[in-house]
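The values are calculated or read from the model by the stated rules, or taken from the named source; none is laboratory data. Being a predicted model, the structure only gives us computed values, none of them experimental. Quick reminder, even Gly has a Cβ in these numbers, built from the backbone with ideal geometry, and neighbours come from all protein chains shown.
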Amino acid sequence: MTTWSLWQKQNTQLWDNKIETIMQVTGRANYTLQAWQQARTTAATTVFTQENKVAMGACHRDEAGDFVAAFSCHDNGIFTAPEVEAWGLFKGLEWIALMGFNKLFLLGDKQTVALMLLHDSLIPRFSHYF
């Protein structure tokens, strides 16, 4: 989780032009570890630049931490980092809804994307999904 928090620090500096302290980075790492241990569904997105593709994958576990189901998908196109996070969030929400879940806790970059979607800044790019 420390590596992820350092990566998040870099994104915060790059996208939001904010510098985080080491206390913020370690605090987020500890919080993320606790949240991750309690999470029942986790997801990740990635960009394949040379192939002009994006992909996402998700895994769902039960309360004991045992595997229940997994999901993955891909799409063609050139996406910015916030766009691929928004796309992954949308695809993950579709999958979660199909599984019948109605509660969601967002962690990390997807919180930023959710706020961007609420303010319509990414809606034009993804209107064909809605």
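Summary of computed values
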| item | result |
| --- | --- |
| Residue within segment 46-66 that is touching a residue at least 40 places away in the same chain (Cβ under 8 Å), under 16 Å from the mean Cα position of the chain (by Cα) and buried (at least 18 other Cβ atoms within 10 Å of the Cβ) present | no |
| Condition met for Thr41 (among the hydroxyl-bearing types (Ser, Thr, Tyr), more than 22 Å from Ala86 (Cα to Cα), in contact (Cβ under 8 Å) with a residue 24 or more places away in the chain and surrounded by 11 or more Cβ atoms within 10 Å (Cβ to Cβ)) | no |
| Residues satisfying the stated conditions in segment 57-82, i.e. in a strand (DSSP E or B) and of a type in the set (Phe, Trp, Tyr) | Phe67, Phe71 |
| Any hit, segment 100-110, residues being aromatic (Phe, Trp, Tyr) and modelled with pLDDT under 85 | yes |
| Residue match in segment 119-129 (condition: in contact with a Pro (Cβ under 9 Å, 6 or more places away or on another chain), surrounded by 13 or more Cβ atoms within 10 Å (Cβ to Cβ) and modelled with pLDDT under 75) | yes |
